[in-house]
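Written out below as structure tokens is the structure these notes cover.
The values are calculated or read from the model by the stated rules, or taken from the named source; none is laboratory data. Please read all numbers here as calculations on a predicted model, not as lab measurements. All Cβ positions, even for glycine, are placed from backbone atoms using ideal geometry, and neighbour counts span all protein chains on display. Ligands, DNA and RNA are stripped out before the accessible areas are found, and what is left, the full protein with its side chains, is counted by its heavy atoms. Shrake-Rupley method; radii C 1.70, N 1.55, O 1.52, S 1.80 Å.
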Amino acid sequence: MKIQDIDFKSDRPELVRLRNTAPKSSRFQSKILLKLAIVSAAVVLLGFSASSWHPVAKGADSTSKLPRLHYALELPGKVVRTEAEFKNPVAIPDDGDWKIITIKSGDTLASIFDSAGIPATTTHAIASLNKQTKSLAFILPGQKIHLLQDDQNNLRSMKYIPDITKTLAIQRNEDQTFSSKITHYRLQAFPVFREGVIESSLFEAAAKGNIAESVIMDLAYIFGWDIDFSLDIRRGDRFGVVYNELYKDNVKISDGRILAAEFVNNGKVYKAVYYIDPQGNGDYFNEVGKSMRKAFLRSPVDFTRISSRFNKKRWHPVLSKWRSHRGVDYAAARGTPVKAAGDGRIKFRGTKGGFGRAIFIQHGGRYTTVYGHLNSYARGIRRGKEVEQGQIIGYVGSSGLATGPHLHYEFRVNGVHRNPLTVRLPEAKPVHPSFEKHFKENTQVYLSMLQLMDNTLADNSL
Ligand SMILES: [Zn+2]
């Protein structure tokens, strides 16, 4: 196994692709191709001219500002920076019968080894081997572990693949000790442009436009603050999206981040572009630098139904008396993750009267959000801890005065309870004025790619 080292290929013909679902004349087609060539050249230049690496934005983990976006590890037009660790070089045999295990929810290294008949002493030896192998305590569902065993089931080698850019290899040495090595792979990111027109549904349009479901989920997430994709979508709505396709060793591995997107909903045009500021913070903004997000999520949990609304007075089933309900109850299965509605700091975490296990988050000077009846708190959530919007802070339960599992959620402005379902949510911060020039320079090329779609449609209507 060796470090992949592939240079950016400027002559890749599919660097930029255009798919038009609407008919058009060949004259306009050649006009579009010319524009495409110009944009392609610009993308390539961008890829080559940057002499330093942009800091890679925060990943799609639980603390991400955009928790549903899938990949954060690629950079447009460039290979991802790699590091290699060769402190314990090991030779992993390519022969033999490798058993490939996809990690399931609840699996641990010990349970996986146990099922494979590997003795517990080996589990311990590997788990305590070094810093690299400590990561095996944090395996996640969907990741893969490869095992190579001898005919007594003893472990000869293993590979742990936490994501597409990294492999941890462990090998048994002649003296029966183990050594490990982490290999980082370079990924190539190529921006592509795709578009679609909605006839029946967003997903049908995406399938026709050869756009993966994960990309369309991200698209719906980016515009989800402005467009309700379950209610607002109209026949004839259209969208264009520029996103990275990720290659490893010249083989497409997956789709990467959306770089820019446009959605025309009921005649109204929404645009979004991904921007990483000089401090390394990446997020989506519209073409003039306004955030695509609100400062707060409308609902901090994926709920099945609203079981009780904000109400001045209601009959309380547990207390058996009339009481005002100063929040919203979201019914959800026990254990459903509860997310921080906005960036803030944990003001309180603990048991509080009828709330049961509760979390209070302070957001700047004006806003407080409250999460009650939790089953448990997320790891690391304690008083004083800073949290980001979308970060998992706890899990739905029925602690305190609750008849069944639900989240009691409150939204307070200057200490006054407001209806979380209707309160006007403040916008998230725009691009900082001092980064305006940087924003324009770094987003123009992708916004131009979207512009092609507008021109195409304008041409067609001539
Ligand atoms: Zn409630």
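Take the residues in the range 287-314 that are of a type in the set (Phe, Trp, Tyr) and within 13 Å of the ligand (Cβ to nearest atom), then tell me which one is farthest from ARG424 (Cα to Cα). Outline the logic, then answer.
Going residue by residue through the range 287-314, those that are of a type in the set (Phe, Trp, Tyr) are 296, 303, 310.
Checking the rest, the ones that are also within 13 Å of the ligand (Cβ to nearest atom) come to 303, 310.
Working: PHE303: 21, PHE310: 15 Å.
Among them, the one singled out is PHE303.
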| query | Among the residues of the range 376-392, is any within 16 Å of the ligand (Cβ to nearest atom), at pLDDT 95 or above and buried (at least 17 other Cβ atoms within 10 Å of the Cβ)? | reply | no
| said: Can you tell me which of (1) touching a helix residue (DSSP H, G or I) at 6+ places or on another chain (Cβ under 7 Å); (2) open to solvent by less than 30 Å² (accessible area, probe 1.4 Å); (3) away from the ligand (no atom under 16 Å from the Cβ); (4) not basic (Lys, Arg) is the one SER448 doesn't meet? | reply: (2)
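Is it the case that the range 399-414 has a residue that's more than 16 Å from the ligand (Cβ to nearest atom), open to solvent by 30 Å² or more (accessible area, probe 1.4 Å), under 27 Å from the mean Cα position of the chain (by Cα) and at pLDDT 90 or above? Explain how you work it out, then say what you get.
Residues of the range 399-414 more than 16 Å from the ligand (Cβ to nearest atom): 413-414.
With the extra rule that they be open to solvent by 30 Å² or more (accessible area, probe 1.4 Å), the set shrinks to 414.
The next check asks that each one be under 27 Å from the mean Cα position of the chain (by Cα); those that pass are none.
Checked the range 399-414: no residue is more than 16 Å from the ligand (Cβ to nearest atom), open to solvent by 30 Å² or more (accessible area, probe 1.4 Å), under 27 Å from the mean Cα position of the chain (by Cα) and at pLDDT 90 or above.
Could you say which residue among GLY289, GLY280, GLY267 is surrounded by fewer than 18 Cβ atoms within 10 Å (Cβ to Cβ) and at pLDDT 95 or above? Quick ask: steps written out before the conclusion?
On the way: GLY280 fails: at pLDDT 95 or above; GLY267 fails: at pLDDT 95 or above.
Among GLY289, GLY280, GLY267, only GLY289 is surrounded by fewer than 18 Cβ atoms within 10 Å (Cβ to Cβ) and at pLDDT 95 or above.
For residues in the range 268-286 being hydroxyl-bearing (Ser, Thr, Tyr) and under 10 Å from VAL431 (Cα atoms), which is nearest to the chain's Cα centre (by Cα)?
Restricting attention to the range 268-286, the residues satisfying the condition of being hydroxyl-bearing (Ser, Thr, Tyr) are 270, 274-275, 284.
Okay, now just the ones that are also under 10 Å from VAL431 (Cα atoms), so 275, 284.
Details: TYR275: 15, TYR284: 12 Å.
So, considering only residues that are hydroxyl-bearing (Ser, Thr, Tyr) and under 10 Å from VAL431 (Cα atoms), the one nearest to the chain's Cα centre (by Cα) is TYR284.
If we keep just the residues of the range 352-367 that are assigned to a strand (DSSP E or B) and within 16 Å of the ligand (Cβ to nearest atom), which is farthest from SER299 (Cα to Cα)?
Just the residues of the range 352-367 that are assigned to a strand (DSSP E or B), to begin with: 357-363, 367.
Still in the running and within 16 Å of the ligand (Cβ to nearest atom): 357-360.
Details: ARG357: 19, ALA358: 16, ILE359: 15, PHE360: 15 Å.
Checking each candidate, the answer is ARG357.
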| said: Just to verify a result, which residue in the range 245-260, among those that are modelled with pLDDT of 90 or more and aliphatic (A, V, I, L, M), is surrounded by the fewest Cβ atoms within 10 Å (Cβ to Cβ)? | reply: ILE258
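Which ones in the range 177-206 are under 17 Å from GLY256 (Cα atoms) and open to solvent by 50 Å² or more (accessible area, probe 1.4 Å)? Show your work before the answer.
Narrowing the range 177-206 to residues under 17 Å from GLY256 (Cα atoms): 185-195, 206.
The answer is ARG186, and nothing else.
I'd like the full set of residues that are assigned to a strand (DSSP E or B) and within 13 Å of the ligand (Cβ to nearest atom), limited to the range 316-351.
Keep residues of the range 316-351 that are assigned to a strand (DSSP E or B), which gives 316, 321-325, 328-331, 337-339, 344-351.
Matches in the range 316-351: HIS316, ARG323, SER324, HIS325, VAL328, ASP329, TYR330, ALA331.
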| remark: Taking the range 154-188 and the residues there that are hydrophobic (A, V, I, L, M, F, W, C) and in a strand (DSSP E or B), the one that is nearest to LYS208 (Cα to Cα) would be ILE161
| said: I'd like to check something: does the range 154-176 contain any residue that is open to solvent by less than 50 Å² (accessible area, probe 1.4 Å), hydroxyl-bearing (Ser, Thr, Tyr) and free of Cβ contacts under 8 Å to residues at least 40 places away in the same chain? | reply: yes
| Residues that are at pLDDT 90 or above, out of contact with any Ser or Thr (no Cβ under 8 Å at 6 or more places or on another chain) and of a type in the set (A, V, I, L, M), drawn from the range 81-125 | ILE100, ILE101, ILE103, ILE112, ALA116, ILE118, ALA120
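Looking at the range 379-392, is at least one residue free of Cβ contacts under 8 Å to residues at least 12 places away in the same chain and either of a type in the set (Val, Ile, Thr) or touching a Cys at 6+ places or on another chain (Cβ under 6 Å) (or both)?
Initially, the range 379-392 is screened for residues free of Cβ contacts under 8 Å to residues at least 12 places away in the same chain, giving 379-380.
Filter once more, keeping what is either of a type in the set (Val, Ile, Thr) or touching a Cys at 6+ places or on another chain (Cβ under 6 Å) (or both): none.
The answer is no, given that none of the residues of the range 379-392 is free of Cβ contacts under 8 Å to residues at least 12 places away in the same chain and either of a type in the set (Val, Ile, Thr) or touching a Cys at 6+ places or on another chain (Cβ under 6 Å) (or both).
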